[in-house]
Amino acid sequence: MTHPNAQSVPVPLADDVFAQLRSGISDAPDVGVFVNEDRSFAYLDPQPSVEYSSYAPRHATLGLSKYKSTLAVIARRYEKIRHVMPEKGAVLEIGAAEGGFLRRAHEDRPDVRYFAVEPDEKTAAQREELPWLTSYWDLGAAVAAGIKADLVCLFHVFEHIKAPAEFLASVRQVLAPRGRILIEVPSLDDPLLTIYGLPAYEAFYFQRQHPFVYTGRSLARVLAANGFTVQEVLPYQRYGLENHLGWLKNGKPGGDSAFAEAFAGIDGSYRATLESRGTADTVFVVGEIA
């Protein structure tokens, strides 16, 4: 059946048939998770409120920042999507934090003009260290400034957006003709859910900051319904064999150093296999303004 509150989800996904997947999530026992028939999209109900002025990423609240720092997140991300980066023109990152991704991009593409949208005051000083970067506190300010970007990037931002249609309409205003959007989101195709079916991981996975959980398939549908031609859907496995074996052994995040050492030689092929199967924990979707 279609859940009565499914109309709160993005067009055209609200037309799907939903069923309740679970009652309660890791940080909100009163919130349910509803999933569509092909398990390409899930949403939370009731939708939790999150105060982003004091928001802290979950890796910080769980004490996993040191572990995450070993994953070389920015370097691996950049290599995966380097082919999408323009040689010239302008790039805008929404949710740029301290500007780490843009630093890497500027090293590789110094002739590009770079812009950032980031409301977090705690990271402002780090962005201000970059003389080639122009920052705005919100997307509306970038629109008002007349920015026209050839590429707009969002890395683990879109799953936080409660009104995707309105948001994408604003993104369209800062895109140049034939400009592109690059979105990275956590994917419901995560192998710990789809291959291993790990109950402890499912209980951990859904969180109040993510009102919507996409796959490449569902995100492509949302972009197509909001004025974008989807050019590429790229599964991407962020966490490797060490992390997965750690979950299977310990039932919690944080990995296991013994596994990291023992299986370092096959970790790359393990991730590549998951990506080729489309069962990856993350997905990039690239769309061009129609």
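The values are calculated or read from the model by the stated rules, or taken from the named source; none is laboratory data. None of these values were measured; they are calculated from a predicted model. FYI the Cβ positions are ideal-geometry reconstructions off the backbone, even for glycines, and counts take in every protein chain you see.
Data for the structure
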| quantity | calculated |
| --- | --- |
| Residue among 221, 217, 180 that is of a type in the set (Lys, Arg) and touching a strand residue (DSSP E or B) at 6+ places or on another chain (Cβ under 6 Å) | 180 |
| Filtered residues of region 240-289 (kept if under 21 Å from the mean Cα position of the chain (by Cα), exposed (fewer than 15 other Cβ atoms within 10 Å of the Cβ) and among the hydrophobic types (A, V, I, L, M, F, W, C)) | 272 |
| Test: residue in region 168-182 that is at pLDDT 95 or above and within 30 Å of residue 253 (Cα to Cα) | yes |
| Qualifying positions in region 242-290 - of a type outside the set (S, T, N, Q), outside any strand (DSSP E or B), under 18 Å from residue 188 (Cα atoms) and modelled with pLDDT of 95 or more | 244, 247, 271, 272, 274, 275, 277, 278, 280, 281 |
| Close pairs from region 94-113: first within 16 Å of residue 83 (Cα to Cα), partner part of a helix (DSSP H, G or I), Cβ under 6 Å, at least 6 apart | 101/74; 104/74; 104/78 |
| So residue 237, is it out of contact with any helix residue (DSSP H, G or I) (no Cβ under 7 Å at 6 or more places or on another chain), surrounded by 15 or more Cβ atoms within 10 Å (Cβ to Cβ) and modelled with pLDDT of 95 or more | no |
| Test: residue in region 116-131 that is buried (at least 16 other Cβ atoms within 10 Å of the Cβ), of a type in the set (S, T, N, Q) and not in a helix (DSSP H, G or I) | no |
| Any hit, region 175-182, residues being of a type outside the set (Phe, Trp, Tyr) and assigned to a loop (DSSP other than H, G, I, E, B) | no |
| Members of region 132-150 found to be surrounded by 18 or more Cβ atoms within 10 Å (Cβ to Cβ), in contact with a helix residue (DSSP H, G or I) (Cβ under 7 Å, 6 or more places away or on another chain) and closer than 24 Å to residue 75 by Cβ, listed by number | 133, 135 |
| Candidate set: region 91-109, residues that are part of a helix (DSSP H, G or I) and among the charged types (D, E, K, R); chosen: the one nearest to residue 146 (Cα to Cα) | 103 |
